[in-house]
1. So, of the residues in region 883-898 that are in contact (Cβ under 8 Å) with a residue 12 or more places away in the chain and farther than 21 Å from Gly265 by Cβ, which turns out to be surrounded by the most Cβ atoms within 10 Å (Cβ to Cβ)?
2. Do we find that Gly376 is within 31 Å of the chain's Cα centre (by Cα), buried (at least 23 other Cβ atoms within 10 Å of the Cβ), on the phi > 0 side of the Ramachandran plot and in contact (Cβ under 8 Å) with a residue 24 or more places away in the chain in this structure?
3. Residues of region 598-617 being of a type in the set (Ser, Thr, Tyr) and outside any loop (DSSP other than H, G, I, E, B), which ones?
4. Filter region 519-535 down to residues that are in a helix (DSSP H, G or I), at pLDDT 95 or above and either open to solvent by 40 Å² or more (accessible area, probe 1.4 Å) or hydrophobic (A, V, I, L, M, F, W, C) (or both), then give me how many there are.
5. In region 216-242, how many residues are surrounded by 16 or more Cβ atoms within 10 Å (Cβ to Cβ), free of Cβ contacts under 8 Å to residues at least 60 places away in the same chain and not charged (D, E, K, R)?
6. Which ones in region 670-699 are aliphatic (A, V, I, L, M) and more than 20 Å from Cys623 (Cα to Cα)?
7. Answer yes if at least one residue in region 117-131 is free of Cβ contacts under 8 Å to residues at least 40 places away in the same chain and surrounded by 19 or more Cβ atoms within 10 Å (Cβ to Cβ), and no otherwise.
8. Return the residue satisfying two criteria in turn: it lies in region 1153-1188 and is open to solvent by 70 Å² or more (accessible area, probe 1.4 Å) and in contact with a helix residue (DSSP H, G or I) (Cβ under 8 Å, 6 or more places away or on another chain), and of such residues it is nearest to Trp1136 (Cα to Cα).
Amino acid sequence: MVVPYQSSAAGVLALLSEPDPVFKQHALKSLNDLVPRFWAEISEHIALIESLYDNDDMPKDARDLAALLASKVYYFLGEYVESLSFALGAGNAFEAESRVLGSEEYVETVMSMAIDKYIELCTEEQASSKQDKIDPRLQRIIENIFTRCISEGEYKQAVGIALESRRLDIISKIYEQVQDTSILSYAMEAVIDSGFSLSYRDTVLRFLFPLFPRPTAGDGSALAHALTRLLVTLGDPSLTVPLLVSLVPKEKLLAYQFSFDLVEGGARDYLDLVRTQLPAGDDDTKEIFDKIRSILTGQESVKLYLEFLKRNNHVDTLILKHTKDSLEPRSSIYHTALTLQNAFMHSGTTSDLFLRENLEWLGLASNWSKFSATAGLGVIHKGYYEQGMTILGPYLPQNGNESSVPGAAYSEGGALYALGLINTGCGTEVSGFLREALRSAQGEVVQHGAALGLGIAAMGSKNMETFEDLKNILFMDSAVAGEASGYAMGLIMLGTAAEEPVREMLSYARETQHEKIIRGLAIGIAFVFYGRQEEANQTVKELLAETDPILRYGGVYTLALAYAGTSNNDAVRQLLHIAVSDVSDDVRRAAVTSLAFLLFKNPSQVPRIVQLLSESYNPHVRCGATLALGIACAGTGMQDAIEILEPMTKDSVDFVRQGAFIALGMILLEQSEASSPSLASTRSLYSRIVADKHEDPMAKLGAALGQGLIDAGGRNVTINLQSRAGSRNTNAIVGMVLFCQFWYWYPLAHCACLAFEPTGIIGLDGDLKVPKFEFTSNAKPSLFAYPPATAPPKKETVIKVATAVLSTTAKVKAREKKKAAAEGDAMETDEKPDVKTEGDGDIEMKTEGSSKAGTSKSAKKEPSSETLPNLSRVTPAQLAYISFPADGKYQPVRAVTAKPVSTRGGKTTKQVEEKAAGGGGILILVDRRPQETAEFIQFETVIQPPPAEPVSTDDDDTTRSVESGPHIALDEDTSEAEAPSSFEVDVDVFTETLSDEDSLAKQLEPYEIICAMRERTKFLPSLLDRLPNLRYQKLIATTGRVNRGIDVNYAKEKGIHVSGTGSAGNATVEHIWALIMSVARQIVAEHINIRMGNPQWQTVVPMGLAGSTLGLIGVGRLGSATAKIAKVFGMKVIGWSPNLTPERAEAQGVEFIASKQELLGRSDIVSLHLVLSERTTKIINAADLDSMKMSAYLINTSRGPLIDEPALVDALKNKKIAGAGLDVFDQEPLPLDHPLRFLDNVTLSPHNGYVNQSNYEVFWTETVENIRSYLEGKPRSLLQ
């Protein structure tokens, strides 16, 4: 029997009006099933349904059904608040509905609304401290949700709701039931990494702490990591000290491990309080507590990591040598680039071998380059606090007095800065010396270095006396010293949110006129609010409302640092809004960069967020995107980030390329060629950019820094803004913020070393000695191997190899194919690229025998694991593969990695964690076989340095000796590097262009070397025959890679070398647009009117570019570049050329036009971009000019003969077209009586398309080099 299809609910609805309650109840039950189909019809009776719910005479079940029916109707109407209200009144009917098939979406929506409402009420109740009674019906639904989650094992969902609704009892209930510490770890991570307030976060952490079980050594769990993170986040000695005391003496090894882990992420003042509050101990425990106190100073960790970096130093010095040979040392920016590259690569290794071997280069440092070079010693010797004063002794101010030697102040200031870098993390002892040096300093350079060093060494000390010393320097209003004081004041008060210091800093920032001071104070204020979340909101609001962009810049960093690592949605949205709306480029760039500080715990999100920003029209936004990717994804090798950055290395703006190079270096830290396919190509790119003489200095600096970062710390460190225990890495975050300020001040780039985290496993026994032992990496060795060393250049002799020659026919076809392809490409470009190809000679063919020989050797199969000794490098990604042999003598007291471990029923199962987990580092080991004799690793002895050289003073002829120590001479007495060898030739310059060959031959006859400027002078065979002194291997040196004015083949036949040069910049593209803008805006006409005193103020109405059509004849390199700019103006771009295809046009974003006539007829502006040849001569003739609009303009920057010049003159005279912009002509220079000179609708320029300062620097620098090489018998850059 077929059930009839129901087309209306009218019949059932009619039953609602029946007086008998049974009929009404039946109708309500039936309508509940019909709501999804007839909700619109039922909604017309909603008032009746509500009245049934309110009718006390109805049975409770009927009233529940009425409430459920009303709830479902309101749900389909989109009135979710009303839907929830009636669902609460539905009671058991709603609970039954949750089990009905097909109601899942409705039930889930109502449940979500109920949870949100419950969380809102709970939050309001806690904020107001009033015990407002929550609707018991809502309470019942939430309790049911908790019960269902727990019964179904959805513990994390229940914990999340409990945290949001402040129901901590639920967390306790779940843990009591399952006894799984991963539940507590999850709750802890959720409250730390999400947007909860600081007060509630601390409440939750204090609630969770006693729930964690007492840790035991060697249980293999991640409990120690979780407890460490909790303790570091709270920073409360009253919780930490009892835990450490409870572990002594039975679990002393675990106490040592906790101490080392606390040092990794704990604030300086917190660790000091823990040390002072630890008991002295009795006879049995005194030694243990003394060791714990020693560990908590941080010095033990620093010494161990220093030894690790010294032993595993894998710096490739050939990379440094290549950079030194490629960059001009007398250029301050290039000298600084190499200084930073060397400092980063040797950071913490204490190896200054490169400096010692290149004293001549080092002696070229002057002024701030000298400051940076001296400060670089601090990066190299970072952590060598025991010898810091000795190393820097020759450069530090002697006896508290500044040297009077000219230039010595820069060395002294740099040395004080370096001293702070060396003592990072253990600077308590040196702070007093730096404070005294700051007070004694008279010059702003020394004050600058002392302030920076003091801020870094005493970071987070919260010492008000130090703050006052820095404030006194600030009030001197010296731009140089004041900037450093601003940074240092913030570093001293790091994370305090102290109101009075912030008020003083902000007040002075508003008063001073020095931008450097304002910037230092703005970032200093950001440091004060580090990690303070909502406590910074008011200050952020004030700073972002300032009219001064530098203070808004500080507001951006204050917001980022206050919410660092929280991924706070509101903060992210605010930064994104600033990135696209602020009027200051600096502020927008900072907003994009700052995203990294919010999202570094979730690096996979960053590429997706900055993808569109990386394509912004604003180069500052693009630059910010590069640094955001680099900082957030540092050391991950994340391919998504690399794919965004690689195209940006070819950006048209130099500082965007610079940022991309730096970011790639950060991301590819500690990657191998097996783990990252982009590693080899990136290294090759760095080398090519550094060596490219035509590359912009900013990009070269970026490539040099990228090389330094990718090999930082001898290839044994990573950049990680998260500590090994999962808490924020304060030093790294501060270091990266200061590094980002290198945009304004290069010496701040040194602070990147604060973020360098050694990545190794360092095992210690119970006596804190370093035993010899081995552990296993269960991965192929190549996956985490060091990059191969750069192969030194070799002089190889050419060996002739027997070849198999193809048939003549095949060779001819190959040449023809290559020639046709070259002509096709050349048609679309302005200049033919100088590409050297092979294949015209004999072609080598592999024979069958050689093939067999190549395959006969089977590749050795790579092992699937490797054994590593103590003090070995272990990258963060490698930690998951590390295991200790079960039968080994030593086992770690805690898990090697921080990944959570679930323990149920005695079984241990690792859970996958999305975020990068810490681990490794310093591990305390349990000796399973103490009866066996242990072998220990002896630390390297300190090599005593040679005595320091005496430094002369200006007062008299006496000298002062300085304390001996490892140092590099940077003093003024150091000999200067020799200038390059010179050569001398007689030079005559001719500025007049001679078109008469007789006159030209007479003028050039005496010369053996002729320098030709582009194609203005024609060197035809007839002229070359009349220049006898050019014969027998003489030289014509022209500019550019191609010169069609020289018969190069004939010159070669006569034994004449013809050399060329490269070029730089986008001069032609710039000039194309200069002409377009000039003719469209009638600039020349209006200029003449104003200069000639025309009383009519405006005489013409310019053409608007937006919406106009640009027609390109030729869409090669210059045409495509012109098209991109046209789109910025909102123009439509169409293109045609004899060889243009629809596919090539589409690739350049240009609409393909099938015929020249159609293009000319549609275009408002026509621009030519073709190479002159027989086919293209007079490609624009009289008929073509007639095809153009009368309002159109013609632009030609390619070659004059492309246009029929007499026809063009006629068209312009008779106004057949509106005008023209011409840079090239049939005859150059243009004759004085040429008719083009007398037309008022043409803008002329003297073939300036290739002329600019950058091009001329390249032209003539390389021309001189070509002449030098020729005179040395080694001609170079010869044209083919």
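The values are calculated or read from the model by the stated rules, or taken from the named source; none is laboratory data. Note that the structure is predicted; figures quoted are calculated from it, not measured. So basically every Cβ, Gly included, is an ideal-geometry build from the backbone, and we count neighbours across all protein chains shown. Just the protein is used for accessible areas: all its heavy atoms, side chains included, with ligands, DNA and RNA removed. Shrake-Rupley method; radii C 1.70, N 1.55, O 1.52, S 1.80 Å.
1. Start the filter on region 883-898 by keeping residues that are in contact (Cβ under 8 Å) with a residue 12 or more places away in the chain, which leaves 883-885, 888-898.
From what's left, farther than 21 Å from Gly265 by Cβ: 883-885, 888-891.
Working: Ser883: 13, Phe884: 20, Pro885: 13, Gly888: 15, Lys889: 19, Tyr890: 23, Gln891: 19.
Within region 883-898, the match that is surrounded by the most Cβ atoms within 10 Å (Cβ to Cβ) is Tyr890.
2. Numbers: within 31 Å of the chain's Cα centre (by Cα): yes; buried (at least 23 other Cβ atoms within 10 Å of the Cβ): yes; on the phi > 0 side of the Ramachandran plot: no; in contact (Cβ under 8 Å) with a residue 24 or more places away in the chain: yes.
Answer is no for this residue.
3. Ser614
4. Here the count works out to 7.
5. Number satisfying all stated conditions: 9.
6. Ala674, Leu679, Ala680, Ala691
7. Yes, region 117-131 contains a residue that is free of Cβ contacts under 8 Å to residues at least 40 places away in the same chain and surrounded by 19 or more Cβ atoms within 10 Å (Cβ to Cβ).
8. Among those that are open to solvent by 70 Å² or more (accessible area, probe 1.4 Å) and in contact with a helix residue (DSSP H, G or I) (Cβ under 8 Å, 6 or more places away or on another chain), it is Gln1157.
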